[in-house]
Amino acid sequence: YVVDEELVWTDAQKYCRRIYTDLATIENQEEMNTITTLLSGKTVNYWIGLRQKTWIWSDGSNFTYSDWYPGEPNNPVGDICLKLYQTYSYQWTDAECQYPTSFICYKKIPLILVEQQLMWWEALRYCRENYVDLVSVLTNETQEWVEAITKNVSTPNVWMGLRFACSQPFWFWVSGSTVCYQNWAPGNGTGVEDCSNGRRSGAVQSGSKQWVSLPDTQKLNVICTI
């Protein structure tokens, strides 16, 4: 989340912790590439969550990856924080934390991808025994989280907590929520399901990220809430 309001580093940290999770943490080149793409077209500099006092990320993560501009860091003393410098294509520089600067926050995704291949009721039991539940996608934001964690799945579809009640008939989330927000693929979820060969549940396609109706017996990766 890019915040173009300019704050000193400590105030930026407070802002991110109040509204999101924390100032951004960058732990590998893939994450750095994502940030660079996010900032494409921007013309200002940005704080992220690294401070020289401890050289540990604001959220407590260990500092192992770096992308310093050549010659950086070059401020050995003082209250120094990490800044993504626009002139250097957003490579890292160190700067005094007291200067108001725009900043980047992140929000922790409360989901986990289980890469085991399980039938739907096995997936439900696994999520409830090890985490919280199968994911319920109630908003567009949750759908975006689902899309983010299903980039490298090993099955063509991934189980969610979406279930069809054959006796009623209607779709519902196993968390108890009704299905209001929807992202069905064409031909799915809008008519009466054929339960003659067993119960049906909802999955998200690994390609289009749209939802499909599938027999419970298919063995797929799983998304759990944490």
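Roughly how tilted is helix 120-130, in degrees to the nearest 10 and between 0 and 90, from the longest Cα axis of the chain?
40 degrees
Got the relative contact order for the chain handy, in percent, Cα pairs under 8 Å and 6 or more residues apart?
Answer for the chain is 21 percent.
Give me the dipole magnitude in Debye, nearest 20, for the chain about the Cα centre, with unit charges on the beta carbon: positive for Lys and Arg, negative for Asp and Glu.
That gives a dipole near 580 debye.
For Phe63, list long-range residues whose amide hydrogen, built 1.01 Å from N in the peptide plane, is under 5 Å from its own amide hydrogen.
The answer is Trp57.
For the chain, which cysteines have no second Cys with its Cβ under 4.7 Å from theirs?
Here Cys180 come out as lacking a disulfide-compatible partner, given the Cβ-Cβ threshold of under 4.7 Å.
On full extension of the chain, what length is gained from Thr37 through Lys107, given 0.36 nm per residue of separation minus the C-alpha to C-alpha distance?
Result: 23.4 nm gained on full extension.
Label-point separation (nm) for Gln52 and Tyr1, each offset 7 Å from Cα along Cα-to-Cβ?
With each label point 7 Å from Cα toward Cβ, the separation is 2.9 nm.
Quick one: grab the alpha carbon gyration tensor of region 146-197, order the square roots of its eigenvalues as a ≥ b ≥ c, and give me rounded if a/c is under 1.5, else prolate or oblate depending on whether a/b is larger than b/c.
Here region 146-197 falls in the prolate category.
Treating the angle as unsigned and between 0 and 90°, give the value, to the nearest 10°, between the Cα long axis of helix 29-38 and the longest Cα principal axis of the chain.
Helix 29-38 sits at roughly 90 degrees to that axis.
So which chymotrypsin sites (Phe, Trp or Tyr not before Pro) in region 45-134 pass both tests, a DSSP loop state and at most 16 other Cβ atoms within 10 Å of the Cβ?
Trp55, Phe63, Tyr65
Given the pairs Lys14/Lys107; Lys107/Lys209; Lys14/Lys209; Lys53/Lys83; Lys83/Lys151; Lys42/Lys209, which span a C-alpha to C-alpha distance of over 24 angstrom in this model?
Over 24 Å apart, Cα to Cα: Lys14/Lys209; Lys83/Lys151; Lys42/Lys209.
At 222 nm, what helix-only mean residue ellipticity would the chain give, in deg cm²/dmol to the nearest 500, using -39500 (n - 2.57) for each DSSP H run of four or more?
After summing the helix terms and dividing by the residues of the chain, the value is -5500 deg cm²/dmol.
Under a crude label model (7 Å from the Cα following the beta-carbon direction), how far is Val132 from Ser175 in nanometres?
So the label points at Val132 and Ser175 sit 0.6 nm apart.
If a/c stays under 1.5 just call it rounded; otherwise compare a/b with b/c (prolate if a/b is bigger, oblate if not). Do that for region 128-226, with a ≥ b ≥ c from the square roots of the Cα gyration tensor eigenvalues.
Rounded shape, in that the Cα axes give a/c under 1.5.
For region 123-149 and region 24-81, compute the distance between their C-alpha centroids and round to whole Å.
30 Å
So between Tyr15 and Ala148, what do we pick up on full extension, going 0.36 nm a residue minus the alpha carbon distance?
Extra length from Tyr15 to Ala148 when fully extended: 45.5 nm.
Measuring from a point 7 Å past the Cα of Thr139 along Cα-to-C-beta, which residues in region 4-47 have an amide N at less than 16 Å?
18-22
Quick check on region 106-226: of the DSSP beta bridges with both residues there, what percent are antiparallel, nearest 5%?
Here the antiparallel bridges make up roughly 90 percent for region 106-226.
Length gain on complete extension for the stretch Thr64 to Gln86, per 0.36 nm per residue less the alpha carbon to alpha carbon distance?
5.7 nm
Using DSSP to define loop residues, name the chymotrypsin sites (Phe, Trp or Tyr not before Pro) in region 146-194 whose beta-carbon has at most 14 other beta-carbon atoms within 10 Å.
Listed in order of number, the matching sites are Tyr181.
FYI, it's all coordinate maths here, none of it is from the lab. What you are looking at is a predicted structure, and each value in this text was computed from that prediction instead of being measured. Neighbour counts are summed over all protein chains in view; Cβ atoms, including those assigned to glycine, are modelled from backbone coordinates with ideal geometry.
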